[in-house]
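The values are calculated or read from the model by the stated rules, or taken from the named source; none is laboratory data. This is a predicted model, so every value here is computed, not measured. We place every Cβ from the backbone using ideal geometry, glycine too, and count neighbours over all the protein chains shown. Surface areas here come from the heavy atoms of the whole protein model, side chains and all, with no ligands, DNA or RNA. Shrake-Rupley method; radii C 1.70, N 1.55, O 1.52, S 1.80 Å.
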Amino acid sequence: MNLFESLNPEKLTPYETSWSSPANIAFVKYWGKIGHQLPANPSLSMTLKECLTKSKVTFTPADQLEVTLLFEGNKRDAFGQKIKKYLEDLSTQMPWVLRLNIQIETQNTFPQGTGIASSASGLSAFALCLCDYLYYLMKLPRDELFFQRASFLSRLASGSACRSVYGGFTSWGDHSLEYATPLNEIHPVLKNLKNSILVISDVEKKVSSRAGHDEMNGHYFAQARFNQAKAQYAECLASLKNGNIEKLGSILESEALSLHAMMLTSKSSYTLFRPNTLAAIQLVRDFREQTHLPLYFTLDAGPNLHLIYPDSEKNKIQTFIQNELSPLAMRIIDDEEGTGPQCLK
Ligand code: PMV
């Protein structure tokens, strides 16, 4: 992708921008990489509305790259170093980034320590600010290509972050391996899907997603998993188009359990499930059997259940969540399909 590598560092001028970017929940999971941050299988996610990162970034021309990062007002050196390393890697494509002093002030709308992955929202928010700076320098309008470039830049920071630059439903690894694409053909019955997040544990996970992706190299079931994800991706696309929520729900749950099965059967053999994860799964399945209401679960790389259901059934389902599932959780975050990032400047 053309990132204007020829941009003359002498042309850099100060700039400040601010973006809010959402988390997303994968319906078909990305788990396993090929090459540099490219996915081994296509994935598909719903962008959230309430779980957001807001970042303000100040770019100042300098002799060498410096990054300072304040998270909710406190200096976070490790996160700042992560961004610095990302920019150093990016300098092969955008050498001018090495001539910047970058100050980042960032905050999340979701509480810290809830086990909600902040890398997709946090790193897409930063990538959007960086892309905004690039467009300011190049005097370009924020068109479709802006978001494609922001998705490309997000992906290099954290794979799943590339899907957060669009609202609604987004896919990655089908149209392109390098950036995500918005999905436009969604059946009206699946508009405004709800996502209640059952926070079962807020303990930082022992095995990072990066290590989890690495475990797929040489995994005995890797190829079978990639084939399954590819098939389920096609079925998921079809269900989103034709509004078949039962089929969509069965894919959601199969994807979540296959992701965690990969962890259990990897060489390091680990699980991120907690006893209450399984207890909640059982209750969701019992509820569905008894009521025939369309309530389904999925999981990210963590113990927390993302409960997915249509807006039309929210009253009965939220009563069940409150009465039966909330005793298993530390808290519940009510979220839903969102419209994507916003420039706050
Ligand atoms: O983006 P990463 O490298 O943190 O990987 C995230 C992987 C999952 O959240 C488990 C699945 C996905 O597609 O979002």
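Of the residues 56, 194, 316, the one that moves most in a GNM of the chain with alpha-carbon contacts below 10 Å is 316.
Name the residue farthest towards the positive end of the dipole of the stretch 159-283 from the options 169, 249, 182, assuming +1 on Cβ of Lys and Arg, -1 on Cβ of Asp and Glu, about the Cα centre. Checking the options against the dipole of the stretch 159-283, the answer is 249. Sorting the segments 148-157, 273-282 by their mean number of nearby beta carbons within 10 angstrom, highest to lowest, gives 148-157, 273-282. In terms of the mean number of neighbouring beta-carbon atoms within 10 Å, the peptides 264-272, 5-13, 27-35 order highest first as 27-35, 264-272, 5-13. Model label sites at residue 6 and residue 78, defined 7 Å from Cα along the beta-carbon direction, differ in position by 4.3 nm. Using DSSP to call loops (not H, G, I, E or B), can you name the GluC sites (Glu not before Pro) in the stretch 43-139 whose Cβ has at most 16 other Cβ atoms within 10 angstrom? Answer by residue number: 72. Sorted largest first by accessible area at a 1.4 angstrom probe radius, with every protein chain in place, the residues 263, 330 fall in the order 330, 263.
With a Förster radius of 56 Å, plug the Cβ-Cβ distance of residue 99 and residue 326 into 1/(1 + (r/R0)^6) and report the FRET value to the nearest 0.05. Approximately 0.60, to the nearest 0.05. Computed from point charges on the beta carbon alone (+1 for Lys and Arg, -1 for Asp and Glu), the dipole magnitude for the chain about its Cα centre is near 260 Debye. About its Cα centre, the dipole of the stretch 197-345 is roughly 360 debye, where the only charges are +1 on Lys and Arg Cβ and -1 on Asp and Glu Cβ. Computed from the alpha carbon atoms alone, the convex hull of the stretch 271-318 holds 67 Å³ per residue. Taking the chain as the reference, fit the longest principal axis to its C-alpha atoms, fit the long axis of helix 222-242 to the helix C-alpha atoms, and give the angle between the two in degrees, 0 to 90, nearest 10. Between helix and principal axis, roughly 80 degrees. Determine the relative contact order of the chain: mean sequence separation of Cα pairs under 8 Å and six or more apart, normalised by residue count, in whole percent. With pairs under 8 Å counted, the relative contact order is 25 percent.
Taking a ≥ b ≥ c as the square roots of the eigenvalues of the alpha carbon gyration tensor, the stretch 165-210 is oblate, as a/c is not under 1.5 and a/b does not beat b/c. Take the Kirkwood radius over Cα pairs of the chain, plug it into Stokes-Einstein at 37 °C and 0.692 mPa s, and you get 159 µm²/s for translational diffusion. The share of C-alpha pairs in the stretch 163-259 whose separation exceeds 19 Å stands at 56 percent.
Against the empirical curve 2.2 N^0.38 Å, the C-alpha radius of gyration of the stretch 9-139 lands at a ratio of 1.11.
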